[in-house]
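> The following block contains the structure, expressed as structure tokens.
The values are calculated or read from the model by the stated rules, or taken from the named source; none is laboratory data. If you're wondering where the values come from, they're calculated on a predicted model, not measured in any experiment. Cβ placement follows ideal geometry from the backbone for every residue including glycine, while neighbour counts extend to all protein chains displayed. Note: accessible area is taken over every heavy atom of the protein model, side chains too, but ligands, DNA and RNA are not part of it. Shrake-Rupley method; radii C 1.70, N 1.55, O 1.52, S 1.80 Å.
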Amino acid sequence: MNFDFSQDDKMLRDQVARFLSDQCSSKTVRGVLEGNAAYATEVWDGLVSMGLTGTAIPENYGGVGAGYLSLCLVAEQLGAFLAPTPFSSSVYLATEALMLFGSDAQKDHWLPKLAAGETIGTLAVVETVAQTTAEDMALRFSAGQLTGKKLIVADGGISDFAIVLARNPAGDLGLYLCDLQAGGVVKTAVDTVDPSRNSTSLEFNGCPAELLGTEADGWAQLETVYDRAAVLFAFEQLGGAQSALNMAVDYAKQRFAFGRPIGSFQGLKHMMADMYVALKLAESNCYYAAWALSTNSPDLPLAAATARVSATQAFQLCARDNIQVHGGMGFTWEFDCHLYYRRSNYLTLQLGGLTEWEDKLVSSLASGDAAA
Amino acid sequence: MDFGDTQEEAQFRAEARAWIAAEAPTYLIDSLTKSGFGGVKTGDFDPMVEAKLWQRKKADAGWACIQWPVEFGGRGASPMQSVIWNQEEGVYGKLSGSFIIGQGMCAPTLMAYASEANKARYLPKLASAEEVWCQLFSEPQSGSDLAGLRTRAERDGNDWVINGQKIWTSGAHHSDFGIVITRTDPEVPKHRGLTMFFLDMKSKGVVIKPIKQANGESGFNEVYFDDVRIPDSQRLGEVGGGWQVSLTTLMNERLAIGGGIATGFPEIKELVDGLALASGRAIENPAVRSKLADWYAKSAGLKNTSARAMTALSKGEMPGPENSIGKLVAGGMMQDIAKFALDLQGLGGVIVDPELAAHSARLQAMLLRSPAVRIEGGTDQILRNIIAERVLGLPEELRADKGMPFSKIPSGN
Ligand SMILES: Cc1cc2nc3c(=O)[nH]c(=O)nc-3n(C[C@H](O)[C@H](O)[C@H](O)COP(=O)(O)OP(=O)(O)OC[C@H]3O[C@@H](n4cnc5c(N)ncnc54)[C@H](O)[C@@H]3O)c2cc1C
């Protein structure tokens, strides 16, 4: 057994961290948050030029073929710096769906563009303000066209194409590839708790689209994509949690009250110790899930749900209590605490919230025999 | 990253498995499987006798304390082999519960501080459990604040004379030896006036009185010292260097307690899998599912954290204070699980008799034992302090007694 990342993976992580600490300050995040841009284009361009959009794409499709362990550590750093880019939508979702289910022609067409960062993709699923179920999916695909509305699509306003969950005339759900540039799509920006990430509703009025791959088996395919993406999202949450904890600890060492640093008060110390514990548990579960993802282990659904549940808990706790440690300053627009708070709640609800992942975790426990 | 065994690891596992299959006391398997959360249960057999038999058998075949050097009764095995051995030993490992303090805490202290002659004399018998050891640290006035201890050791020629009292000493009643931390100089600040020794528990002047615990068992004791003489050759470390020595013991304590720690997860999972609630099957109940997911994520997190620590150990890195999280997470979780498990069973949840309620005896034992997990070996609060100060680097606690000679420190009574 060897439960650690390789030196190469760690070097890549450090390289990404250096780039982001130069190029993705909170000023950059705020630029998007305050509506000056839909995403941080320089950060995106930098990530692309480092080849990161192609991290897990095989070399014959123009990617780097470095695999998922590397990609997990990239995700961790993107989370740590709150990178306001469509990386998760394009890389963890659209690219994954294409690699898993795309036909050869579709892969030949899209993967090299995705690897090169020329094209940004996303996945469009949610139609209602409720937990998503297969039964509720109303958007239709018929005669080569999509009709209906996706209520909120991550990075929908930035993406060149979307993979859209829709129902065919036989009543089956499928994933459909739709070129968003081709016209016929009405994009409307959606206000969310985290405006540092683009959220957009997409209305399809007879837009040309094609089935991804050969089978209209959309719901099962979606779950497969989600299980894989959950690991990568969990790493983003992990990175965010670590940054929020660091911010709290730094402040607690400097700020004085009653003639002593506030970090010497046990109420705060124990709060931060609990943040650390949540973070460590999440980190170890994320590492295990990274391994399960990189090896296509049968354990992946359970490992992914476990990582997702504990990373969600960790980021939410760290972001919330980071505000508390900062007192009044923590509730100002000026301090960065709210950036983490926003992002933690935004990320929690991507791919379904904590309750849904808890439920999935127990379902995969029940079907396996994994006793922790 | 790789979770499979390497070829050597697989070979080692096969060897261990074959030996255990041939030699283990299979007649105890049922009671051992149900055992836990308190003293080990061995049905009609005497637990200490059975524990010593198994340990002796392992020692004779080179399977006791396998990470220790061969000359001290071990096998010179790697940390990873030790993990594999623990996995293979499975429930039989519960038999060694009474030896954890001696083998996991006293022994590393002896290895670091005892003379070569003493190591050769004591360690092999510690490994085979021919001699059992205990840890005499806590006192009525000093538990968390261990350095505030009062048991005196005064020099008399080549001997030291010990007077005072220890408390909460687990297993003192069946121990042959113990390591004891004493105050040798009350006129310097508290951490500096301490000295560590080991002693024969049968020495003249040692009186051991069992304490009945809240869960009805009697695992720990009061130990009184009345002019007990210890030769200077049984001193561990420098005179006045006892605090340093105790840190070795305590660091190993957290490793010994922290790795593979019980969380209660398998018990709650087994319960809800078969249980019907008024609203339907327990496993279908949303509140049950949410808690189960949370507890699984925590116990998996601990398991994966210790796998990472093992990887670090096998690369020659020292395990750091971050290992404090194991007991901190497991203790509270076990207590929550027990409470919830009983709650799902109506008034029947209070029944301890296994004849009347299949699950309750074990869950009740967990309910009544779990508070101790949050106290022994560093309370939850002390562990949080350690994480905050030593891992996160937050400023130290304000200490009212800082720099004061021990004799001037207020004690509240
Ligand atoms: C089952 C069991 C077995 C044990 N076995 C052994 C053994 O074999 N050998 C041995 O030497 N000892 C043993 N102990 C003793 C154990 O180490 C002590 O009980 C423990 O360290 C706490 O000390 P105390 O009981 O004096 O409580 P106290 O130190 O008086 O603590 C009382 C409360 O005050 C809190 N507190 C104290 N200081 C602080 C602080 N700085 N910040 C915040 N809160 C604080 C504690 O967390 C606790 O809640 C055992 C204890 C138990 C329960």
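> Looking at region B:394-411 only, could you name the residues that are surrounded by 11 or more Cβ atoms within 10 Å (Cβ to Cβ), among the aliphatic types (A, V, I, L, M) and away from chain A (no Cβ under 13 Å)?
Answer for region B:394-411, where residues must be surrounded by 11 or more Cβ atoms within 10 Å (Cβ to Cβ), among the aliphatic types (A, V, I, L, M) and away from chain A (no Cβ under 13 Å): B:404, B:409.
> Follow-up question, since we're still on this one. Being open to solvent by 10 Å² or more (accessible area, probe 1.4 Å), among the small types (Gly, Ala, Ser) and within 15 Å of the ligand (Cβ to nearest atom) is the filter here; which residues of region A:260-279 pass it? I'd like the intermediate steps shown before the answer.
To start, the set of residues in region A:260-279 that are open to solvent by 10 Å² or more (accessible area, probe 1.4 Å) comprises A:260-262, A:265-268, A:270-271, A:274, A:276-278.
Checking the rest, the ones that are also among the small types (Gly, Ala, Ser) come to A:267, A:278.
Hit for region A:260-279 is A:267, nothing else.
> Suppose we filter region B:166-187 for residues that are more than 14 Å from the ligand (Cβ to nearest atom) and either part of a strand (DSSP E or B) or touching a helix residue (DSSP H, G or I) at 6+ places or on another chain (Cβ under 7 Å) (or both); how many remain? Give the steps one after another, and end with the answer.
Step one: filter region B:166-187 for residues more than 14 Å from the ligand (Cβ to nearest atom), giving B:176, B:183-187.
From what's left, either part of a strand (DSSP E or B) or touching a helix residue (DSSP H, G or I) at 6+ places or on another chain (Cβ under 7 Å) (or both): B:183-187.
Going through region B:166-187 one residue at a time, the tally reaches 5.
> In region B:350-378, what residues are within 14 Å of chain A (Cβ to nearest Cβ) and either more than 8 Å from the ligand (Cβ to nearest atom) or hydroxyl-bearing (Ser, Thr, Tyr) (or both)?
Taking region B:350-378 first, the residues within 14 Å of chain A (Cβ to nearest Cβ) are B:374, B:378.
Answer for region B:350-378, where residues must be within 14 Å of chain A (Cβ to nearest Cβ) and either more than 8 Å from the ligand (Cβ to nearest atom) or hydroxyl-bearing (Ser, Thr, Tyr) (or both): just B:374.
> Separate question: Criterion first (open to solvent by less than 20 Å² (accessible area, probe 1.4 Å) and either among the aliphatic types (A, V, I, L, M) or touching a residue at least 12 places away in the same chain (Cβ under 8 Å) (or both)) does residue A:215 satisfy it?
Numbers: open to solvent by less than 20 Å² (accessible area, probe 1.4 Å): no; either among the aliphatic types (A, V, I, L, M) or touching a residue at least 12 places away in the same chain (Cβ under 8 Å) (or both): yes.
Taking the combined requirement at face value, the residue does not satisfy it.
> So, in region A:336-372, exactly how many residues are open to solvent by 50 Å² or more (accessible area, probe 1.4 Å), touching a helix residue (DSSP H, G or I) at 6+ places or on another chain (Cβ under 6 Å) and more than 14 Å from chain B (Cβ to nearest Cβ)?
Residues meeting the conditions: 1.
> What are the pairs, 6+ residues apart or on separate chains, where a residue within region B:379-393 that is more than 7 Å from every other protein chain (Cβ to nearest Cβ) and at negative phi has its Cβ under 6 Å from a residue that is surrounded by 18 or more Cβ atoms within 10 Å (Cβ to Cβ) and assigned to a helix (DSSP H, G or I)?
B:380/B:328; B:383/B:324; B:383/B:328; B:386/B:324
> What are the residue pairs meeting all of these: first residue in region B:129-145, first residue over 15 Å from residue B:377 (Cα atoms) and away from chain A (no Cβ under 14 Å), second residue part of a loop (DSSP other than H, G, I, E, B) and near the ligand (Cβ under 8 Å from one of its atoms), Cβ atoms under 7 Å, and 6 or more apart or on different chains?
Going by the 7 Å Cβ cut-off, the qualifying pairs are B:132/B:171.
> Residues B:366, B:333, B:310: which one is within 17 Å of the chain's Cα centre (by Cα) and of a type outside the set (Val, Ile, Thr)?
On the way: B:333 fails: within 17 Å of the chain's Cα centre (by Cα); B:310 fails: within 17 Å of the chain's Cα centre (by Cα).
Exactly one residue qualifies, and that residue is B:366.
> For region A:242-280, which residues satisfy the criterion of being at the interface with chain B (Cβ under 9 Å from one of its Cβ atoms), part of a helix (DSSP H, G or I) and of a type in the set (D, E, K, R)?
Within region A:242-280, A:253, A:269, A:274, A:280 qualify.
> In region B:222-244, is there at least one residue being more than 19 Å from residue B:140 (Cα to Cα), within 16 Å of the ligand (Cβ to nearest atom), surrounded by fewer than 20 Cβ atoms within 10 Å (Cβ to Cβ) and not assigned by TED's automatic domain parsing to the domain that holds residue B:103?
No - not one qualifying residue is present in region B:222-244.
> Checking the conditions here, which among A:297, A:284, A:243 is within 28 Å of residue A:338 (Cβ to Cβ) and either among the polar types (S, T, N, Q) or not assigned by TED's automatic domain parsing to the domain that holds residue A:324 (or both)? Give the steps one after another, and end with the answer.
Details: A:297 fails: within 28 Å of residue A:338 (Cβ to Cβ); A:284 fails: within 28 Å of residue A:338 (Cβ to Cβ).
Just one listed residue meets the conditions, A:243.
> Which of the residues belonging to region B:140-159 are open to solvent by 10 Å² or more (accessible area, probe 1.4 Å) and closer than 17 Å to residue B:224 by Cβ?
If the condition is that a residue be open to solvent by 10 Å² or more (accessible area, probe 1.4 Å) and closer than 17 Å to residue B:224 by Cβ, then B:140, B:141, B:150, B:152, B:154 are the ones that fit.
> Quick check on residue B:303: is it at pLDDT 95 or above and basic (Lys, Arg)? Can you show your working first?
Values: at pLDDT 95 or above: no; basic (Lys, Arg): yes.
Judged against the criteria, residue B:303 is not a match.
> For region B:1-32: of the residues being of a type outside the set (Asp, Glu) and within 13 Å of another protein chain (Cβ to nearest Cβ), which is farthest from residue B:85 (Cα to Cα)?
From region B:1-32, those of a type outside the set (Asp, Glu) are B:1, B:3-4, B:6-7, B:10-14, B:16-22, B:24-29, B:31-32; that's our starting set.
Filter again for within 13 Å of another protein chain (Cβ to nearest Cβ), leaving B:1, B:3-4, B:6-7, B:10, B:12-13.
Values: B:1: 21, B:3: 16, B:4: 15, B:6: 15, B:7: 15, B:10: 11, B:12: 9, B:13: 7 Å.
In this case the residue turns out to be B:1.
> Can you tell me which of B:83, B:70 is surrounded by fewer than 19 Cβ atoms within 10 Å (Cβ to Cβ), within 22 Å of residue B:23 (Cβ to Cβ) and among the β-branched types (Val, Ile, Thr)?
Working: B:83 fails: surrounded by fewer than 19 Cβ atoms within 10 Å (Cβ to Cβ).
One residue alone meets the criteria, B:70.
> Out of all the residues in region B:354-393, which are of a type in the set (Asp, Glu) and surrounded by 14 or more Cβ atoms within 10 Å (Cβ to Cβ)? Spell out the reasoning first.
Narrowing region B:354-393 to residues of a type in the set (Asp, Glu): B:355, B:376, B:380, B:389.
Of everything in region B:354-393, those that are of a type in the set (Asp, Glu) and surrounded by 14 or more Cβ atoms within 10 Å (Cβ to Cβ) turn out to be B:376, B:380, B:389.
> Same structure, new question: Which residue is nearest to the other protein chains (Cβ to nearest Cβ), if the candidates are limited to region B:312-326 and must be over 16 Å from residue A:283 (Cα atoms) and either touching a Phe, Trp or Tyr at 6+ places or on another chain (Cβ under 9 Å) or of a type in the set (A, V, I, L, M, F, W, C) (or both)?
B:313
> When residue A:190 is evaluated against the numbered criteria (1) of a type outside the set (Ser, Thr, Tyr); (2) open to solvent by less than 10 Å² (accessible area, probe 1.4 Å); (3) more than 14 Å from chain B (Cβ to nearest Cβ); (4) in contact with a Ser or Thr (Cβ under 9 Å, 6 or more places away or on another chain), which criterion, by number, is the only one it fails?
With respect to (1) of a type outside the set (Ser, Thr, Tyr); (2) open to solvent by less than 10 Å² (accessible area, probe 1.4 Å); (3) more than 14 Å from chain B (Cβ to nearest Cβ); (4) in contact with a Ser or Thr (Cβ under 9 Å, 6 or more places away or on another chain), residue A:190 is out only on (2).
> When region B:306-349 is examined, which residues are found to be charged (D, E, K, R) and modelled with pLDDT under 90?
From region B:306-349, those charged (D, E, K, R) are B:308, B:315, B:317, B:322, B:327, B:336, B:339, B:343; that's our starting set.
Residues satisfying the conditions are B:308, B:315, B:317, B:322.
> What are the residues in region B:256-287 that are open to solvent by 40 Å² or more (accessible area, probe 1.4 Å), part of a helix (DSSP H, G or I) and either free of Cβ contacts under 8 Å to residues at least 60 places away in the same chain or among the basic types (Lys, Arg) (or both), if any?
B:266, B:273, B:274, B:284, B:286, B:287, listed by residue number.
> Please go through (1) open to solvent by less than 40 Å² (accessible area, probe 1.4 Å); (2) touching a strand residue (DSSP E or B) at 6+ places or on another chain (Cβ under 6 Å) for residue B:63 and return the number of the only condition it doesn't satisfy.
Residue B:63 satisfies all of (1) open to solvent by less than 40 Å² (accessible area, probe 1.4 Å); (2) touching a strand residue (DSSP E or B) at 6+ places or on another chain (Cβ under 6 Å) except (2).
> Let me ask something else. Looking for something modelled with pLDDT under 95 and surrounded by fewer than 15 Cβ atoms within 10 Å (Cβ to Cβ) - is there at least one such residue anywhere in region A:136-150? Spell out how you get there, then give the answer.
Filtering region A:136-150 down to residues modelled with pLDDT under 95 leaves A:136.
Then drop every residue that is not surrounded by fewer than 15 Cβ atoms within 10 Å (Cβ to Cβ), which leaves A:136.
The answer is yes; a qualifying residue exists.
> Please verify whether region B:288-311 includes one or more residues that are surrounded by 19 or more Cβ atoms within 10 Å (Cβ to Cβ), more than 10 Å from chain A (Cβ to nearest Cβ), on the phi < 0 side of the Ramachandran plot and not in a loop (DSSP other than H, G, I, E, B).
Looking for residues that are surrounded by 19 or more Cβ atoms within 10 Å (Cβ to Cβ), more than 10 Å from chain A (Cβ to nearest Cβ), on the phi < 0 side of the Ramachandran plot and not in a loop (DSSP other than H, G, I, E, B), one finds none in region B:288-311, hence no.
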